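Computed from the coordinates by the stated procedures, all read-outs in this text should not be read as laboratory data. Just so we're clear, the structure is a prediction, and the values are computed from it rather than from any experiment. Counting neighbours? That spans all protein chains shown, and the Cβs are built from the backbone with ideal geometry, glycine included.
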């Protein structure tokens, strides 16, 4: 039976041109006793791409996992809203049904299943995500390999499959963790093209990426974390134009 997600009486109103589609309000999250996400707050408007940047250990992946309600780190204080729905009150499966799709760095392609079986398994009932032929239209390489076992493909092809699998569900907020990690430059260009298409479609996205310059050229806005705290929140172009800021927090 499908689960109906009701809008709480005290929820923010639905997103409009003036109101954010997504809001994180004073998030504090922990791995055990380790204080990882320290009062992070930010908004995203519908269709924006936000680049979430910072050095290794800054709290980027932990912030994504907190938003996706992945179980760890544990959110101990704060609120997370997606188009009026209280993600902070949800378990991971409920957040996924609400439209939050996390593409983790390790991709998590299911062994023993073909490309098409991985995609079909991702779909929920009743179907609300992209149909397979629409996915294959945006990912022609996956169409060519639809009967190949997913884990036998190259790293770049597996990354394409991981993104496509998120689109096979009802994605409202796409969370991408290091999509360019370990990929050859020519494959990075292919992934960038796919992300540009997703941007053109208007899917709201948070992108964590060590290749900060590539992420900034794709993103509308950027957030820089340092030791679990927000140290910059502004346009991507501001960081591109500010060499001192890039060197201080991103070493680029």
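Taking only C-alpha pairs under 8 Å that are 6+ residues apart, what is the relative contact order of the chain in percent?
Averaging sequence separation for qualifying contacts and normalising by length gives 25 percent for the chain.
Distances over 16 Å make up what percent of all Cα-Cα pairs in the stretch 108-171?
Numbers: 681 of 2016 pairs.
Pairs farther apart than 16 Å: 34 percent.
Would the chain count as rounded, prolate or oblate if I go by the C-alpha gyration tensor, calling it rounded below 1.5 in a/c and otherwise prolate when a/b exceeds b/c, oblate otherwise? Numbers along the way, then the final one.
On the way: a/c = 1.61, a/b = 1.17, b/c = 1.38.
Since a/c reaches 1.5 but b/c is at least a/b, the shape of the chain is classed as oblate.
For the chain, what is the mean residue ellipticity at 222 nm derived from helices alone (per DSSP H run of n ≥ 4: -39500 (n - 2.57); sum divided by total residues; nearest 500 deg cm²/dmol)?
Using -39500 (n - 2.57) per qualifying helix, the result is -9000 deg cm²/dmol.
Normalised by the residues of the stretch 108-171, what does the relative contact order come to in percent, with Cα pairs under 8 Å and at least six apart?
The value is 53 percent.
Which residues does the label zone of residue 55 cover in the stretch 225-244, counting backbone N under 16 Å from a point 7 Å along Cα→Cβ?
Correct set: 225-232, 244.
Using the C-alpha gyration tensor of the stretch 165-213, what are the square roots of 5 times its eigenvalues, in whole angstrom, with the largest one first?
Working through the eigenvalues yields semi-axes of 19, 12, 10 Å.
Given R₀ = 35 Å, FRET efficiency for residue 184-residue 229 by Cβ-Cβ distance, to 0.05?
For R0 = 35 Å, the calculated efficiency reads 0.55.
In the stretch 215-252, which residues have a backbone nitrogen under 15 Å from the label point lying 7 Å from residue 35's Cα in the Cα-to-Cβ direction?
226-230
If you count, for each residue, the other Cβ atoms within 10 Å and average over each peptide, how do 155-168, 217-230, 176-189 line up from highest to lowest?
My ranking of the peptides, most packed first, is 155-168, 217-230, 176-189.
Separation of the stretch 37-84 and the stretch 184-252 by C-alpha centroid, Å?
About 15 Å separates the Cα centre of the stretch 37-84 from the one of the stretch 184-252.
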